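Below is one structure, written out as structure tokens, with a few remarks after it.
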């Protein structure tokens, strides 16, 4: 950390440590299985479509800040948008160390890394070192179809809301009666 502060010409106390990751949400189909008499091959039709999206999320636990975007793909262009969003959330005069895994779009030469951000790759196969993974686990545990459709459940999911003072909005990404009104059957499939 001291080395990055020296390279960037900032005080070590002006460093914010951020964690970033992506999560895929939506419809993920499984193989259809059928019981059948030995030697026969009955048809097993299943829905081969997928309806999903990606949440790019980043948190700074010490400062209690976050930045997130919902994007249609995981690639360098999407990561550039996410880096720009994170950069806007960093306090003026501060510099961020962004810890992330070694996904291809995190290490791409096509990234436009903002001047107030330094990317640091975590060791391979160590998701427990990334605090953002805890946010995804919380979402998986607390925003199931049952939890989201219960109007008494208060969700604390982080989602990006452009045009506000903060990019943190509680409950905006949970399509529930308490957040946005009744769900239709096609929305329910995304939860």
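Yes or no, residue by residue, for (1) assigned to a loop (DSSP other than H, G, I, E, B); (2) in contact (Cβ under 8 Å) with a residue 60 or more places away in the chain; (3) over 11 Å from residue 17 (Cα atoms):
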residue	(1), (2), (3)
56	no, no, yes
68	no, yes, yes
73	yes, no, yes
78	no, no, yes
86	no, yes, yes
92	yes, no, yes
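State which residue is nearest to residue 96 (Cα to Cα) when the search covers only segment 11-43 and only residues that are outside any strand (DSSP E or B) and touching a residue at least 24 places away in the same chain (Cβ under 8 Å). Walk me through it before giving the result.
Just the residues of segment 11-43 that are outside any strand (DSSP E or B), to begin with: 11-14, 27-43.
Add one more test, that the residue is touching a residue at least 24 places away in the same chain (Cβ under 8 Å), and what stays is 14, 27-28.
Numbers: 14: 8, 27: 34, 28: 34 Å.
Out of the qualifying residues, it is 14.
Looking only at segment 31-45, filter to residues that are surrounded by 10 or more Cβ atoms within 10 Å (Cβ to Cβ) and within 35 Å of the chain's Cα centre (by Cα); which one of those is farthest from residue 120 (Cα to Cα)?
44
Of all the residues that make up segment 105-133, how many are closer than 23 Å to residue 70 by Cβ and modelled with pLDDT of 90 or more?
Summing the residues that are closer than 23 Å to residue 70 by Cβ and modelled with pLDDT of 90 or more in segment 105-133 gives 14.
Is it the case, given these coordinates, that residue 107 is free of Cβ contacts under 8 Å to residues at least 40 places away in the same chain, in contact with a helix residue (DSSP H, G or I) (Cβ under 8 Å, 6 or more places away or on another chain), in a loop (DSSP other than H, G, I, E, B) and over 17 Å from residue 132 (Cα atoms)? Please lay out each step first, then the result.
On the way: free of Cβ contacts under 8 Å to residues at least 40 places away in the same chain: yes; in contact with a helix residue (DSSP H, G or I) (Cβ under 8 Å, 6 or more places away or on another chain): no; in a loop (DSSP other than H, G, I, E, B): yes; over 17 Å from residue 132 (Cα atoms): yes.
When the stated conditions are applied, residue 107 does not pass them.
The values are calculated or read from the model by the stated rules, or taken from the named source; none is laboratory data. These figures come from a predicted structure and were not determined experimentally. As a convention, Cβ positions derive from the backbone with ideal geometry for all residues, glycine included, and neighbour counts pool all protein chains shown.
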